[in-house]
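A quick write-up on the structure given underneath.
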Amino acid sequence: MKVGILGATGYAGQELVRLLHRHEEVKELYLGSSSVAGEDYETVYPHWLGQNIGILQDENIPDMDVLFCALPHGLTAERTSAFLARGIKVIDLGADFRLNSAEIYEEWYKIKHPASELLKDAVYGLPELYREKIQGQSLIANPGCYPTATLLALVPLLRKQLLQTGYLIIDAKSGVSGAGRGVSLGTHYGEVNENFKAYGVASHRHTPEIEQELSRAAGLPLTVNFTPHLVPMTRGMLVTIYAKVSEEVQEEDLRSCWLDQYKEEEFIHLLPPGTWPQTKFSSGSNHAFLQLTLDKRTGNAVIVATIDNLLKGAAGQAVQNMNLAMGWPEAQGLKATALWP
């Protein structure tokens, strides 16, 4: 099978190369880059020396089976219709097809949606929650990293009406790689090292994505307090959520709900009571780790989830979606466990 990556030199793109290079079904890999076309991939990423990854191509896409688009918002949508018309399955790691509403997209991303007519055809690609809808699809919106960790923790509990919907606080932390490979003052070493900061307060673009999917789970519109933070580390994501439980709900009810949802899932791990997620549990892997407790003093559930922002939060989940779309074993090419320490 022939697979392509647009944005192959970004951090998520490089992770896709790493995963697809060892994927049993991928026989040919097209590497697209608008900035360094014509160069060997090993020139951009010398750790690939000797493995013949290939030459970076311009973005005139040849025929292929699946195309991963790891591009800034707006750039994928304007070309997607042409890709689909040629029979190419599109998995978008950007934001163009995550939101159901073009108006909400335009409000948060400050550009006109380039292909709003395709929103009805796009499937939200979080396999553990929407597996049946993803299978065989041609246009898949890969979720954002913060939404992935948040939704894995909250959606099953909201579907069972175990949480009150008027009080949801999401306190999230990410490694710097989540900002991408581009140079900017906010991710400069001297700004990030030995520093810890909130950003996008009450304005982060993952907010409407989180609210959309949580509202779908709850069956009614809801609003969340979502605050992301930048941690001085390369990769990793940890989300702490505070939620009021519904009347008479006990901690065991919350745990049982998670177990019913995830007991057969290869990549979702429910930790035993007292063991709390750490970012290193998932570093370099497609695995997610969950834990919760019910604080009887406050009546609040405290929920923690951790993923690797570049794997389960981006490239790993995208490969998981490809496997589902093509009818292959879902974990194919994704068997690695975390790096430790």
Q. If you check Ala8 against the conditions, is it buried (at least 22 other Cβ atoms within 10 Å of the Cβ) and either in a helix (DSSP H, G or I) or of a type in the set (Lys, Arg) (or both)?
A. no
**Q.** Residues of region 174-189 classified as in a helix (DSSP H, G or I) and surrounded by 12 or more Cβ atoms within 10 Å (Cβ to Cβ), total
**A.** 5
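Here is a yes/no grid of residues against (1) assigned to a loop (DSSP other than H, G, I, E, B); (2) surrounded by fewer than 18 Cβ atoms within 10 Å (Cβ to Cβ); (3) without any contact (Cβ under 8 Å) to a residue 24 or more places away in the chain:
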residue: Asp96; (1), (2), (3): yes, no, no
residue: Ile104; (1), (2), (3): no, yes, no
residue: His113; (1), (2), (3): yes, no, no
residue: Gly136; (1), (2), (3): yes, yes, no
residue: Leu151; (1), (2), (3): no, no, no
residue: Pro156; (1), (2), (3): no, no, no
residue: Gly166; (1), (2), (3): no, yes, no
residue: Glu191; (1), (2), (3): no, yes, yes
residue: Gly200; (1), (2), (3): yes, yes, no
Q | Scan of region 62-87 for residues that are closer than 20 Å to Ile134 by Cβ, surrounded by 20 or more Cβ atoms within 10 Å (Cβ to Cβ) and either at pLDDT below 95 or in contact with a strand residue (DSSP E or B) (Cβ under 7 Å, 6 or more places away or on another chain) (or both), ordered by number | A | Val66, Leu67, Phe68, Cys69, Ala70, Thr76, Thr80, Phe83
Q: Can you work out which of the residues in region 104-138 that are closer than 19 Å to Thr148 by Cα and among the charged types (D, E, K, R) is nearest to the chain's Cα centre (by Cα)?
A: Glu128
Q | Matching residues, region 41-61, being surrounded by 17 or more Cβ atoms within 10 Å (Cβ to Cβ) and free of Cβ contacts under 8 Å to residues at least 40 places away in the same chain | A | Tyr41, Val44, Trp48, Ile53, Gly54, Gln57
Q. Out of curiosity, is Leu29 in a loop (DSSP other than H, G, I, E, B), out of contact with any Phe, Trp or Tyr (no Cβ under 9 Å at 6 or more places or on another chain) and surrounded by 14 or more Cβ atoms within 10 Å (Cβ to Cβ)?
A. no
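Residues are listed down the side, and each one gets a yes or a no for (1) touching a Cys at 6+ places or on another chain (Cβ under 6 Å); (2) farther than 23 Å from Gly125 by Cβ; (3) assigned to a strand (DSSP E or B); (4) not acidic (Asp, Glu):
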{"position": "Val3", "(1), (2), (3), (4)": "no, no, yes, yes"}
{"position": "Arg18", "(1), (2), (3), (4)": "no, no, no, yes"}
{"position": "Gly38", "(1), (2), (3), (4)": "no, yes, no, yes"}
{"position": "His47", "(1), (2), (3), (4)": "no, yes, no, yes"}
{"position": "Gly50", "(1), (2), (3), (4)": "no, yes, no, yes"}
{"position": "Asn100", "(1), (2), (3), (4)": "no, no, no, yes"}
Q | Top-ranked residue in region 53-103 [being among the acidic types (Asp, Glu) and within 18 Å of the chain's Cα centre (by Cα); ranked as farthest from Val319 (Cα to Cα)] | A | Asp96
(Q) With more than 30 Å from Trp258 (Cβ to Cβ) and among the small types (Gly, Ala, Ser) as the only criterion, which of Gly178, Gly190, Gly136 stands out? (A) Gly190
**Q.** Any hit, region 212-225, residues being buried (at least 17 other Cβ atoms within 10 Å of the Cβ) and not in a helix (DSSP H, G or I)
**A.** yes
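Considering only region 236-255, I want to know if a residue exists there that is in a helix (DSSP H, G or I), assigned by TED's automatic domain parsing to the domain that holds Leu151 and not charged (D, E, K, R). Please lay out each step first, then the result.
Keep residues of region 236-255 that are in a helix (DSSP H, G or I), which gives 251-255.
Imposing the further condition that a residue be assigned by TED's automatic domain parsing to the domain that holds Leu151 reduces the set to 251-255.
Next, from what is left, pick out any that are not charged (D, E, K, R): 254.
Yes: one or more hits.
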Q: Report, by residue number, each residue of region 134-175 that is more than 20 Å from Gly316 (Cα to Cα) and among the β-branched types (Val, Ile, Thr).
A: Val155, Thr165, Ile169, Ile170
Q) Can Val224 be described as of a type outside the set (Lys, Arg), in contact with a Leu (Cβ under 7 Å, 6 or more places away or on another chain) and free of Cβ contacts under 8 Å to residues at least 60 places away in the same chain? A) yes
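Residues are listed down the side, and each one gets a yes or a no for (1) under 24 Å from Asn142 (Cα atoms); (2) surrounded by 19 or more Cβ atoms within 10 Å (Cβ to Cβ); (3) among the hydrophobic types (A, V, I, L, M, F, W, C):
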{"position": "Lys263", "(1), (2), (3)": "yes, no, no"}
{"position": "Pro277", "(1), (2), (3)": "yes, yes, no"}
{"position": "Lys280", "(1), (2), (3)": "yes, no, no"}
{"position": "Ser285", "(1), (2), (3)": "yes, yes, no"}
{"position": "Thr298", "(1), (2), (3)": "no, no, no"}
{"position": "Asn321", "(1), (2), (3)": "yes, yes, no"}
{"position": "Met326", "(1), (2), (3)": "yes, no, yes"}
{"position": "Gly333", "(1), (2), (3)": "yes, yes, no"}
{"position": "Pro341", "(1), (2), (3)": "no, no, no"}
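The values are calculated or read from the model by the stated rules, or taken from the named source; none is laboratory data. Note that the structure is predicted; figures quoted are calculated from it, not measured. Please note: Cβ atoms are built from the backbone with ideal geometry, for glycine as well, and neighbour counts cover all protein chains shown.
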